[in-house]
Amino acid sequence: MAAITLKNLRQWKSEGQKFASLTAYDYSFARLFADQEIPVLLVGDSLGMTIQGHNSTLPVTVDDMVYHTRHVRQGAPDVLLLTDLPFMSYATPEQACQNAARVMQAGANMVKIEGGAWLVETVRLLTERAVPVCGHIGLTPQSVNIFGGYQVQGKTEQQAEQLLNDALALEAAGMQLLVLECVPISLAERITKALSIPVIGIGAGPHTDGQILVMQDMIGITSGYVPKFAKNFLTDTGSISQAAAEYQRQVQAGTFPGAEHSFKG
């Protein structure tokens, strides 16, 4: 696989070519996913739950993200690699710059941060300093205590307008990629069409430019609560590598996610 860049993602959006992405947290899985030519990997702070066993992402530290980013990059040298900045590591633009530098030096190609228009200054500052930014709106797991749980966002017209306005403001500030989580299908389609940058959905229906799943959800080893948007691709394929390949095939074909993995308005 040739090195994947943001230029590739922008071209795919313009051509209507959908792309798949997955989380990864170590060398072995990163290498396996790269071998299946998954173009985008995310070192997600979801590792707080999937790797560390916490009940939220909040305990994850920047040190954790640096450690896992370094090893994922070793396994997948040519993917576009995103790394989450964890809870309260970008509370101010200055903090964001300091912590973004650490994960970029560990091998990330861009950082992902959760939140709306309040991050405009942070996005502008990072972008000016050569740090590409992926935004994350809708259900933002670091805000679980504000939301009172993991709930679909943007269900009312007022909430939908706020999310659209947030997305537009962040794009204007320099955001180059957006993750849209757990919003109604119609809103996800509206936001995707309104932005010139690629939009990656998770629980956001089939109309976004790309899709992402937590790798444990993709191979059916999530314990306890299984999200509506998850699908176990291992069941019908018999190997993790083939599960990743089938996930990518279904995303590119537009058959995943289906209605059963999505939320109506």
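The values are calculated or read from the model by the stated rules, or taken from the named source; none is laboratory data. No experiment lies behind these values; they were computed from the predicted model shown. Don't worry about glycine lacking a Cβ; one is built from the backbone with ideal geometry, like all the others, and counts go over all protein chains shown.
Quick notes on this one:
- Scanning segment 214-263 for residues that are hydroxyl-bearing (Ser, Thr, Tyr) and part of a loop (DSSP other than H, G, I, E, B) yields THR222, SER223, TYR225, THR235, THR237, SER239, THR255, SER262.
- Here VAL120, VAL131 are screened, and the one residue that is more than 17 Å from the chain's Cα centre (by Cα), crowded, with 16+ Cβ neighbours inside 10 Å and among the aliphatic types (A, V, I, L, M) is VAL120.
- Residue count for segment 139-166 under the criterion of being in contact with a strand residue (DSSP E or B) (Cβ under 6 Å, 6 or more places away or on another chain) and more than 22 Å from PRO227 (Cα to Cα): the result is 1.
- Out of ASP166, ASP209, one residue alone is touching a residue at least 60 places away in the same chain (Cβ under 8 Å), within 24 Å of TRP12 (Cα to Cα) and crowded, with 17+ Cβ neighbours inside 10 Å. It is ASP209.
- Qualifying residues in segment 190-206 (those that are of a type outside the set (A, V, I, L, M, F, W, C), under 16 Å from the mean Cα position of the chain (by Cα) and part of a loop (DSSP other than H, G, I, E, B)) - the one nearest to TRP12 (Cα to Cα): PRO198
- Meets criteria (in contact with a Pro (Cβ under 7 Å, 6 or more places away or on another chain), of a type in the set (A, V, I, L, M, F, W, C), surrounded by fewer than 22 Cβ atoms within 10 Å (Cβ to Cβ) and at pLDDT 95 or above) for LEU80: no
- Selection of first residues in segment 1-30 that are over 24 Å from ALA243 (Cα atoms) and of second residues that are surrounded by 14 or more Cβ atoms within 10 Å (Cβ to Cβ), restricted to Cβ pairs under 6 Å at least 6 apart or on distinct chains, gives the following pairs, ordered by first then second residue: LEU6/GLN176; LYS13/PRO198; LYS13/ASP209.
- Check on LEU187, surrounded by 16 or more Cβ atoms within 10 Å (Cβ to Cβ), modelled with pLDDT of 95 or more, of a type in the set (A, V, I, L, M) and assigned to a strand (DSSP E or B): no
- Single condition GLU94 does not satisfy, out of (1) at negative phi; (2) crowded, with 19+ Cβ neighbours inside 10 Å: (2)
- Here GLY53 fulfils each of the conditions (1) under 26 Å from VAL226 (Cβ atoms); (2) within 18 Å of the chain's Cα centre (by Cα); (3) in a loop (DSSP other than H, G, I, E, B); (4) not hydrophobic (A, V, I, L, M, F, W, C) apart from (2).
- Cross-chain or 6+ apart pairs with Cβ under 7 Å, segment 252-265 first and farther than 18 Å from ASP217 by Cα, then surrounded by 13 or more Cβ atoms within 10 Å (Cβ to Cβ) and not small (Gly, Ala, Ser): GLN252/LYS18; GLY254/LYS18; GLY254/PRO206; LYS264/PRO184; LYS264/ILE185; GLY265/LYS155; GLY265/PRO184; GLY265/LEU187
- Cβ-Cβ contacts under 6 Å between residues 6 or more apart (or on different chains), taken from a first residue in segment 220-239 that is on the phi < 0 side of the Ramachandran plot to a second residue that is modelled with pLDDT of 90 or more and among the small types (Gly, Ala, Ser), are listed as PHE229/GLY203; ASN232/GLY220; PHE233/ALA243; LEU234/GLY220; LEU234/ALA243; THR237/ALA243.
- For GLY115, the test of being surrounded by fewer than 21 Cβ atoms within 10 Å (Cβ to Cβ), farther than 27 Å from ASP78 by Cα and in contact (Cβ under 8 Å) with a residue 24 or more places away in the chain is passed.
- Among the residues of segment 1-57, those that are surrounded by 16 or more Cβ atoms within 10 Å (Cβ to Cβ), touching a strand residue (DSSP E or B) at 6+ places or on another chain (Cβ under 7 Å) and not hydrophobic (A, V, I, L, M, F, W, C) comprise LYS18, SER21, THR23, TYR25, PRO39, GLY44, ASP45, SER46.
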